[in-house]
Amino acid sequence: MAGLSRRGFLVSAGVLAGLVASGGVANALAEDKAVLRPPGAQSERGFLARCMRCQKCVSVCHARVIQPLSIAESIKGASTPTLDFSRNYCDFCAEENGGRPRCSEVCPTKALLPQSGKATVNGIAVVNERSCIAWDWKGCTACVDKCPQDAIALDEQGRPLVDDALCDGCGLCELICPSSSLRSYGGGRSEAKGIVVVAKERERA
Amino acid sequence: MKPPKPSHPIRLVRTGVAVAVLAAIGAGVAFGTDAGTLCAWCPLGFAQTSLASREFHAAVLAPLVAVIAAAALLGRAFCSWGCPSGLVKKRGASRARSSATKRGGQDSKGGCASQGKSCSASAAHPLPSIALIAAVLLASLIVGFPVFCLFCPIGLVFGLMFAIFRSLTVYQPSWDLVIFPLMLIIELRLFGSWCSRICPLGAAASLIARISPFKLKTKANLGTCRIDSSCHACSEACPESLEPPSIVVGSDETCTLCLECAQACPHRSLAVGISPRRAEKEERMTESTE
């Protein structure tokens, strides 16, 4: 061990200890978080084991709905891709690539697995009862009218209900939901919108 | 510390190259290509994800071959020419440390002059570099995700680039705008020896450079070089604190080919070239007999 001086050994041991400690903290903080991921994502844990934050999916997304996650949202998931439906929605590259999402095709480490057709699901739309216009005053049918999957129906009282089996989490409902402009409320995205797409894992929990 | 010189043309060129790399990647993102960032070419990123997920990713092959070829030809040149963290790094940060505490911990004091004959300036031992890379890979295996990527300055620079993009284009500023620059400053400025001691990419590049038979290296014209009259201008300019003998024969694999030495040489003796190992040995021989 002549070549591995005490100093060189200490640096490597320190790097190992520091990385394991911070990785452990990041794991603990991320435990029950389920982040909305691009189409083809595996379980959150499996996704984070594979994603090397290369941003290929972010740069290839023609709809620009894939964005790097902020470190403030998740330390472990910093700069990993998430979906943001505030400017556009995910059409699963229907016209671009015949319904095969480009993001999962370019992923080099299978964090996103290429899929097509019915199997591809981003997440599930969930009605936010505190913000949804139809829950307060009735009459708003924006999401019901626009849903490409016909996954949203109205109940007897005119309130939207999402059919989990049909919803593919494309985000069009969240994009067009008018509640944030009809209510003068300055809260965060998920508070202001009457319907938001959440990760499947979170919805089940 | 001596005051900075008024003009640093070679530094400007290097900064220009690093900015061009960043701009090209930014353009790739803006025009919706599938290029991703430099991280898509990182063999260590692939290795970490493979260990964390316990599966092999065939996509690693192209980046691996490209990076090994680049390191075999250019050694650590990426560190001073292409690495975006160079835009943040204080010049000569590693120079602030004494040259005796380089990676490998070998006391290189004295070098050629004091040792008299064998001017084998091949400095660092490979074990610390191997141990460092092993530590990074082992950590990812243990925690189950590529944990070094959280700290990698290259990733942080690109993270910052995306954060700036987002705040300018869709008006969504995030904490990344504050946290990433802070981490970069702590890693590269306060913790000045990051590049020479912590960066596993640089370690891997010097390991490859070490065994490469055709690496581009600094070479002095021994007819004009005044190393014997204790001219150490090249060594004083070297951000890696390499000793004059190893600069003269280009024998140190931690050299980043930044060319500060060539610029500082008062006799214009230094150039870069590819010298096969055998020729280098002969050169050392002739030098030691002189």
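The values are calculated or read from the model by the stated rules, or taken from the named source; none is laboratory data. Only a predicted model underlies this, so the values are computations on that prediction, with no experimental measurement involved. Every residue, glycine as well, gets a Cβ built from its backbone with ideal geometry; the counts of neighbours run over all protein chains shown. The area values use the complete protein model at the heavy-atom level, side chains included, leaving out ligands, DNA and RNA. Shrake-Rupley method; radii C 1.70, N 1.55, O 1.52, S 1.80 Å.
Note on chain A: Kirkwood hydrodynamic radius from all Cα pairs is 18.7 Å, rounded to one decimal. Counting only protein chain heavy atoms and rolling a 1.4 Å probe, the accessible areas of B:TRP194, A:TRP135, B:TRP175, B:TRP41 rank, largest first, as B:TRP175, B:TRP41, A:TRP135, B:TRP194. Summing Lys and Arg as +1 and Asp and Glu as -1 over all other residues whose Cβ lies under 13 Å from the Cβ of B:THR169 gives a net charge of +2. Unpaired Cys in chain A, meaning no second Cys C-beta under 4.7 Å: A:CYS51, A:CYS61, A:CYS90, A:CYS93, A:CYS107, A:CYS132, A:CYS140, A:CYS147, A:CYS167, A:CYS170, A:CYS177. Here each label is just a point 7 Å from Cα along the line to Cβ, and for A:ASN88 and A:TRP137 those points are 3.2 nm apart. Per residue of A:66-77, other chain Cβ atoms within 10 Å of the residue Cβ number 5 on average. Across the protein chains, with a 1.4 Å probe defining accessible surface, the residues A:LEU16, A:LEU182, A:LEU112 rank A:LEU182, A:LEU16, A:LEU112 from largest area downward. Between the C-alpha center of region B:28-75 and that of region B:174-252 there is a gap of 23 Å.
Per the Cα gyration tensor, region A:1-69 maps to an equivalent ellipsoid with semi-axes of 35, 16, 9 Å, ordered largest to smallest. Which angle between 0 and 90 degrees, to the nearest 10, do you get for helix A:6-29 versus the longest principal axis of chain A when only C-alpha atoms count? Value to nearest ten degrees: 20.
When the expected Rg is taken as 2.2 N^0.38 Å, what fraction or multiple of it is the alpha-carbon Rg of region B:121-237?
This ratio for region B:121-237 stands at 1.48.
Per-residue surface analysis assigns A:CYS90 an accessible area of about 10 Å², computed on protein heavy atoms at 1.4 Å probe radius. Counting only protein heavy atoms and using a 1.4 Å probe, the accessible area of A:LYS146 comes to about 120 Å². Each label point was placed 7 Å from the Cα along the Cα-to-Cβ direction; for A:ASP150 and B:THR169 their separation is 3.6 nm. Dividing the mean sequence gap of close Cα pairs (under 8 Å, 6+ apart) by how many residues chain A holds gives a relative contact order of 21 percent.
One quarter of the convex hull surface built on the alpha carbon atoms of region A:118-157 amounts to 3.4 nm², the projected area averaged over directions. The calculated FRET efficiency for B:ILE68 paired with B:LEU190, based on their beta-carbon distance and R0 = 30 Å, is about 0.40.
Note on chain A: dipole from Cβ charges, positive end direction compared against A:LEU10, A:SER74, A:PRO39; the farthest Cα belongs to A:LEU10.
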